[in-house]
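Peer 1: Quick one: structure below, then a few questions.
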Amino acid sequence: MKEVYIASDNIITSLGFNTDRNIENMLSGTTGIRYWEDGRLSPEPFWASLVDTEELTGRFSAFNDPDKFTRFEQMAICSIEDALSNTDIDIAGDRTLFILATTKGNISLLGDGQSNLFKQEQLYLWYTARLLQQYFNFRQRPYVVSNACISGVLAIAAGARMIRSGNYDHVVVTGVDIVTEFVLSGFNSFRSLESGPCKPFDKIRQGLSLGEGAGTIILTGNPLSAGDIRAGHGFSSNDANHISGPSRTGEGLYIAIRNTLEKNDLPVDYISAHGTATPYNDEMESVAITRAGLQEVPVNSFKGFWGHTLGAAGVIESVAATYSLANNLLIKTQGFETPGVTNPIHVIDENAKKEMKTCLKIASGFGGCNAALLFYK
Amino acid sequence: MMVDPFVITDFCIIRQNRVVKNGTTLFESGETTVAGFMTAIYRHFDISYPKFHKMDNLSKLGFLAAELLLSHRNLKERYKGDKVGVILSNAASSMDTDRNHQQSISNRLDYFPSPSVFVYTLANIVIGEICIRHGLLGESTFFIEESFNPGRMHQYVYQLLEEEVIQCCITGWVEFDSSRFEAVLYLVQKSDIHPDGIAIFEPAKMNEIYLQRT
Amino acid sequence: MEQLIAQLKHEIIEVLNLTELAPESIDENAPLFVEGLGLDSIDALELIVLLEKKYGLKFGTADEGKKILYSVRTMAEFIRNNNKG
């Protein structure tokens, strides 16, 4: 069967505007989650990982007029531009597809003060995708995956499936979400936010940190345009249990992992977990990982660095995970100190070298959705 | 003769003030509000599912369409839960509820965001509600499209069925934006299990069903 | 107190969309969570919003919340003890 390669990638977060810069900061144990007082985003102070707006605007100015594009669009465009600049793949033509993964897109336009500036259609995710399509001259109409926090992983899995089936030669997958009053207020109402940088899998974890960012992975069926890392098969499964609480038995995540392991038929050397640092999510993940027999496999969460970037998470975390895979590097779980889940999974607590051939990316989200995807070399 | 491997065995359309199943109008309502219409459907078909009343409009609509789509099918008899997928799409995502949530945070002096509203500010929650109701643990994805695109939905679902990732699929369009709403759901199964499907699972047939006058 | 309890029952039904439930059928001494009405975590959060919005009351810890939200009666007592009902 056809192999799907990763040709190029990009990460834009509080920790930098490209993959290398982000990894550098992560290796030195720097978290991007900070304390903020910003009345436009929240009446109370909050902790979050935010992209530097001034730097974003500055970088975007090199491409286009920042006054004509929303912050969301600027992030998406900068991410795609950077990824494209690092590959010789020609994205023109019918054989390239663009997939956008996002939960809320330009939702900040719903708030006061902005609704006069932009068109109403900008609120719609298909419109944003079309804007990006036109910007980069993608011939094919883009797909938009809007499936809570697993959007990114689903989008990569779908892209890989489409190349494997011969429908496309290249797929550009971009995941983006921004921190807005809309989302911050919602998570506050859930009382699921940590008062400080989040602590995945830790004993005293209280909740998640919100983050924003953009990530791009360019998938290709052409080995000549790519490095060694390949995207294997990925699957999703619904818990069919509760719309916001994860299944106690980790049912959906276990099924997604099981299907992924069966189809790819490769051992797992490292797991990039979802690890939001909420009491329930991390517990559920430890259950699912153990049920799948992977309790000895080193596992980390990147959310202590970037917070939970929602629709972008699956993509930016896959970029970091595949970077780890390519460089035989295990990056420690920022914020983790003391094991705090019932099943004793092997949480990576310091940077280390490890010879690896495969990496499993997993994610879960509201609506009871779960996804898993295997990368290998 | 080549037998098409997958068939549409059922479809359900909820649109205007009508509920249509497999070409037959099952229910017509004189209700003037959308909320009233959906509650009328719930009552007319004697549905007993108290959680229905907690759902937002998009989830209620999708739930009702799926309920009637599956009303004469016992999927559990034929399929394991994780072999039934739910692949849906719409244009407005969860915009109806998004506006609701935005409203609750628009006044700093009366600032009470509601968790039970916020949880529905994601389009895929309607998939979650359908999966919970019917015990479906298979592959699921929510796509955003400018308008119903049978070709693209078909391509995605067909591939999952062909690769046996799933053996049965609920797919279609569930849209709720202000007072504009419609749900068109298809139940797709393998033709060797179900030779008497209504139509071959192909974009042209899906489109024909979608365009049915209601 | 009984009036507050009756009022609370109506409010709980309203904010939690328990449309098919009659207020009289709620036993004010029965647990609201796990057994009894079998409410879930989102319902708990909504009840917290109700207490904040309608009665101007704020919670401390999650454990404190659990005790207060145990039953309609404990909720009413909390409101009364804070002189808000």
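Peer 1: Of everything in segment C:3-36, what is of a type in the set (Val, Ile, Thr) and in contact (Cβ under 8 Å) with a residue 40 or more places away in the chain? Give them in sequence order.
Peer 2: Of everything in segment C:3-36, those that are of a type in the set (Val, Ile, Thr) and in contact (Cβ under 8 Å) with a residue 40 or more places away in the chain turn out to be C:Ile5, C:Ile12, C:Ile26.
Peer 1: Quick check, is B:Phe143 farther than 20 Å from A:Gly367 by Cβ and either at the interface with chain A (Cβ under 9 Å from one of its Cβ atoms) or assigned to a loop (DSSP other than H, G, I, E, B) (or both)?
Peer 2: no
Peer 1: Pick from segment B:128-145 the residues that are of a type outside the set (A, V, I, L, M, F, W, C) and surrounded by fewer than 24 Cβ atoms within 10 Å (Cβ to Cβ): which of them is nearest to B:Ala92 (Cα to Cα)?
Peer 2: B:Glu145
Peer 1: Given the condition more than 30 Å from A:Leu56 (Cβ to Cβ) and not assigned by TED's automatic domain parsing to the domain that holds A:Ala363, answer yes or no: does some residue in segment A:213-221 qualify?
Peer 2: Taking every residue of segment A:213-221 in turn, at least one turns out to be more than 30 Å from A:Leu56 (Cβ to Cβ) and not assigned by TED's automatic domain parsing to the domain that holds A:Ala363.
Peer 1: On to the next question. Would you confirm, using the coordinates I've provided, whether A:Asp269 is more than 26 Å from B:Tyr120 (Cβ to Cβ) and among the charged types (D, E, K, R)?
Peer 2: yes
Peer 1: Would you pick out the residues in segment B:1-24 that are within 21 Å of B:Arg180 (Cβ to Cβ) and in contact (Cβ under 8 Å) with a residue 40 or more places away in the chain?
Peer 2: Hits for segment B:1-24 are B:Phe11, B:Cys12, B:Ile13, B:Ile14, B:Arg15, B:Gln16, B:Arg18, B:Val19, B:Val20.
Peer 1: Sticking with this structure for a sec: Tell me, please, whether a residue that is crowded, with 24+ Cβ neighbours inside 10 Å and β-branched (Val, Ile, Thr) can be found in segment A:223-243.
Peer 2: Within segment A:223-243, one or more residues are crowded, with 24+ Cβ neighbours inside 10 Å and β-branched (Val, Ile, Thr).
Peer 1: Kindly indicate the residue of segment C:50-65 that is surrounded by fewer than 18 Cβ atoms within 10 Å (Cβ to Cβ) and closer than 12 Å to C:Val15 by Cβ and also farthest from the other protein chains (Cβ to nearest Cβ) among those meeting that condition.
Peer 2: Ranking the qualifying residues of segment C:50-65, first place goes to C:Lys54.
Peer 1: Evaluate segment A:80-100: report whether one residue or more is within 9 Å of chain B (Cβ to nearest Cβ) and at pLDDT 95 or above.
Peer 2: yes
Peer 1: Moving on. Across segment A:208-229, which residue is farthest from A:Pro339 (Cα to Cα) among those that are within 18 Å of the chain's Cα centre (by Cα) and not in a strand (DSSP E or B)?
Peer 2: Selected residue: A:Ile229.
Peer 1: Has segment A:296-311 got at least one residue that is more than 29 Å from B:Leu137 (Cβ to Cβ), modelled with pLDDT of 95 or more and of a type outside the set (Gly, Ala, Ser)?
Peer 2: Yes, that holds for at least one residue.
Peer 1: Here's another thing I want to ask about it. Would you call A:Glu54 within 24 Å of the chain's Cα centre (by Cα), loosely packed, with under 13 Cβ neighbours inside 10 Å and among the acidic types (Asp, Glu)?
Peer 2: Yes.
Residue by residue, here is whether (1) closer than 22 Å to B:Arg78 by Cβ; (2) touching a strand residue (DSSP E or B) at 6+ places or on another chain (Cβ under 8 Å) holds:
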position: B:Glu163; (1), (2): yes, no
position: B:Gly172; (1), (2): yes, yes
position: B:Tyr186; (1), (2): yes, yes
position: B:Gln189; (1), (2): yes, yes
position: B:Pro203; (1), (2): no, no
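Peer 1: Name the residues in segment A:262-282 that are more than 14 Å from every other protein chain (Cβ to nearest Cβ) and not aliphatic (A, V, I, L, M), would you?
Peer 2: Selection gives A:Asp265, A:Pro267, A:Asp269, A:Tyr270, A:Ser272, A:His274, A:Gly275, A:Thr276, A:Asp282.
Peer 1: So which residues in segment A:216-261 are more than 30 Å from A:Ser85 (Cα to Cα) and more than 13 Å from chain B (Cβ to nearest Cβ)?
Peer 2: Within segment A:216-261, A:Arg248, A:Leu261 meet the criteria.
Peer 1: Of all residues in segment A:188-201, which are surrounded by 24 or more Cβ atoms within 10 Å (Cβ to Cβ) and either within 14 Å of chain B (Cβ to nearest Cβ) or assigned to a strand (DSSP E or B) (or both)?
Peer 2: Once the filter is applied, which keeps residues that are surrounded by 24 or more Cβ atoms within 10 Å (Cβ to Cβ) and either within 14 Å of chain B (Cβ to nearest Cβ) or assigned to a strand (DSSP E or B) (or both), segment A:188-201 yields only A:Ser189.
Peer 1: Next question. If I go through segment C:60-75 residue by residue, how many of them are touching a helix residue (DSSP H, G or I) at 6+ places or on another chain (Cβ under 8 Å) and of a type in the set (S, T, N, Q)?
Peer 2: Looking only at that region, the number is 1.
Peer 1: Confirm whether B:Phe176 is buried (at least 22 other Cβ atoms within 10 Å of the Cβ) and more than 7 Å from chain A (Cβ to nearest Cβ).
Peer 2: yes
Peer 1: Next question, about the same structure. Which residue out of A:Glu317, A:Glu337 is away from every other protein chain (no Cβ under 14 Å) and surrounded by fewer than 19 Cβ atoms within 10 Å (Cβ to Cβ)?
Peer 2: A:Glu337
For every residue, the table says whether it meets (1) of a type in the set (A, V, I, L, M); (2) free of Cβ contacts under 8 Å to residues at least 40 places away in the same chain; (3) in contact with a His (Cβ under 8 Å, 6 or more places away or on another chain).
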{"residue": "B:Phe143", "(1), (2), (3)": "no, no, no"}
{"residue": "B:His154", "(1), (2), (3)": "no, no, no"}
{"residue": "B:Leu160", "(1), (2), (3)": "yes, no, no"}
{"residue": "B:Glu163", "(1), (2), (3)": "no, yes, no"}
{"residue": "B:Ser178", "(1), (2), (3)": "no, no, no"}
{"residue": "B:Phe181", "(1), (2), (3)": "no, no, no"}
{"residue": "B:Val184", "(1), (2), (3)": "yes, no, no"}
{"residue": "B:Gln189", "(1), (2), (3)": "no, no, no"}
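Peer 1: Going by the conditions given, is C:Leu39 under 22 Å from A:Arg191 (Cα atoms) and without any contact (Cβ under 8 Å) to a residue 24 or more places away in the chain?
Peer 2: The answer is yes for C:Leu39.
Peer 1: In segment B:19-37, which residues are over 19 Å from B:Ala204 (Cα atoms) and in contact with a Phe, Trp or Tyr (Cβ under 7 Å, 6 or more places away or on another chain)?
Peer 2: Passing the criteria: B:Val19, B:Ser29, B:Glu31, B:Val34.
Peer 1: Do you know which of the residues in segment B:108-128 that are in contact with a Leu (Cβ under 9 Å, 6 or more places away or on another chain) and more than 7 Å from every other protein chain (Cβ to nearest Cβ) is nearest to A:Ser189 (Cα to Cα)?
Peer 2: Within segment B:108-128, the match that is nearest to A:Ser189 (Cα to Cα) is B:Tyr120.
Peer 1: A further question on this structure: Check whether at least one residue in segment A:117-129 is among the charged types (D, E, K, R), away from chain B (no Cβ under 11 Å) and free of Cβ contacts under 8 Å to residues at least 40 places away in the same chain, and report yes or no.
Peer 2: yes
Peer 1: Does segment A:112-121 contain at least one residue that is crowded, with 19+ Cβ neighbours inside 10 Å and touching a Ser or Thr at 6+ places or on another chain (Cβ under 9 Å)?
Peer 2: No.
Peer 1: Determine whether B:Thr171 is under 24 Å from A:Pro142 (Cβ atoms) and away from chain A (no Cβ under 14 Å).
Peer 2: Answer is yes for this residue.
Peer 1: Look at A:Gln140 and say whether it is farther than 18 Å from A:Lys68 by Cα, surrounded by fewer than 20 Cβ atoms within 10 Å (Cβ to Cβ) and modelled with pLDDT of 95 or more.
Peer 2: Criteria met by A:Gln140.
The values are calculated or read from the model by the stated rules, or taken from the named source; none is laboratory data. This is a predicted model, so every value here is computed, not measured. Note that each Cβ is placed from the backbone with ideal geometry, even for glycine, and that neighbours are counted across all protein chains shown.
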